[in-house]
Structure formats: C-alpha cells, structure tokens
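The values are calculated or read from the model by the stated rules, or taken from the named source; none is laboratory data. Bear in mind the structure is a predicted one, so any value in this text is a computation, not a measurement. As a convention, Cβ positions derive from the backbone with ideal geometry for all residues, glycine included, and neighbour counts pool all protein chains shown. Accessible surface areas use protein heavy atoms only, side chains included; no ligands, DNA or RNA. Shrake-Rupley method; radii C 1.70, N 1.55, O 1.52, S 1.80 Å.
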Amino acid sequence: MKGIVPSLWFADNNCEEAIGYYMEVFPNSWVEEMRKYPDEALDSHFEGMAGKVITAVFYLNGQPFIALDGGPYFRFNEAISFTIECEDQKEIDYYWDKLSHVPEAEQCGWVKDRFGLSWQILPRNMNELIRSDAQIQAMMKMKKIDIEKLRNIGS
C-alpha cells in the first residue's frame, strides 16, 4: 500500500457487510485481507466483538481502503465524502441507484449510502458544466446531476 489510504470505522459493527456491498457496486474491487477479533473469552477487552472485523484492507475500483468494526463511538458524517467521477449520465444513474439510501441527504450530486457514508456522484467534466452563474444555480437546485440540463443552460 502506498500513498494516502482512507480508513473507515464502522460504528454499527457492519464492516464486513459494507465491504461486501461495495464489492458488488464498484468494478475492479477485491479484499486483500480481513482479520477478525479473537474470541472474547481470551481477553475481556474484546467483549462483544468476537468475530467482528479488527482490520480489513480492500480496494474499490483499484483505490485502497482500510476498515474496521469500531463500536458506536464515532459515526460517519458529511464532513468527509468520496467522489465518484463518472463518464456519462448512465454511470451517474448507476451509482446513484446503488448508493443513495437517504433521500433527504441528496443535494448537488451528494448521496448518503445505507452505512452512513457520503458520496459525491459527479460527471468527470463537472467544471465545464458549471462555468456560468446560471449553470451553478441550476446545479444547486439538483439532487442528482443532470448533465444534459447543465449543457443546455450553457448553450
């Protein structure tokens, strides 16, 4: 592993479920390793964690991630999100359908998945689509980005 690798703390002890889900959503994805907490009878520090993920290294579309079941102390919030740069509207629609599970959190291409992670699902050429004030205003009113609508405003 090289570079900066996001590390995800799953507060609801659903790390393994989340990784499995993301494997289905993203192409070119795999689990490199997954280690689980030992039997809690061996150490009282592990109470309630036996069989949960103590550390996992996995890749989503070639991007490495680290994850763990950390207990309920910290939860994901919108201060951190992952951006998916899409080639076209079809790809935006695909990821939107797979990842959006909290409709009230949708805005300007942002969604929240069923595990609480925030994602920005944007066209790769987003900067070209929001060059004018009118395009920016239209984008701010969108939930899912509509490439054609933004192009037509720019015409």
**Message:** Please pick out the residue among ALA67, ALA105 that is open to solvent by 20 Å² or more (accessible area, probe 1.4 Å), under 27 Å from SER7 (Cβ atoms), in contact with a strand residue (DSSP E or B) (Cβ under 9 Å, 6 or more places away or on another chain) and small (Gly, Ala, Ser).
**Reply:** ALA105
**Fill in**
In segment 49-83, residues that are outside any loop (DSSP other than H, G, I, E, B), of a type in the set (Ser, Thr, Tyr) and either in contact (Cβ under 8 Å) with a residue 24 or more places away in the chain or farther than 18 Å from TYR37 by Cα (or both) total 3
**Asked** Given the residues PHE74, PHE65, which is the only one that is more than 13 Å from the chain's Cα centre (by Cα) and closer than 17 Å to TRP9 by Cβ?
**Response** PHE74
**Item:** Matching residues in segment 63-89 - criterion: being of a type outside the set (Val, Ile, Thr) and over 25 Å from LYS144 (Cα atoms)
**Value:** PRO64, PHE65, ALA67, LEU68, ASP69, GLY70, GLY71, PRO72, TYR73, PHE74
**Prompt:** In segment 84-99, what count of residues is obtained for those that are touching a residue at least 40 places away in the same chain (Cβ under 8 Å) and either out of contact with any Pro (no Cβ under 9 Å at 6 or more places or on another chain) or of a type in the set (Ser, Thr, Tyr) (or both)?
**Reply:** 5
**Item:** Among residues of segment 37-62, those that are modelled with pLDDT of 90 or more and either in contact with a Phe, Trp or Tyr (Cβ under 8 Å, 6 or more places away or on another chain) or crowded, with 17+ Cβ neighbours inside 10 Å (or both), counted
**Value:** 9
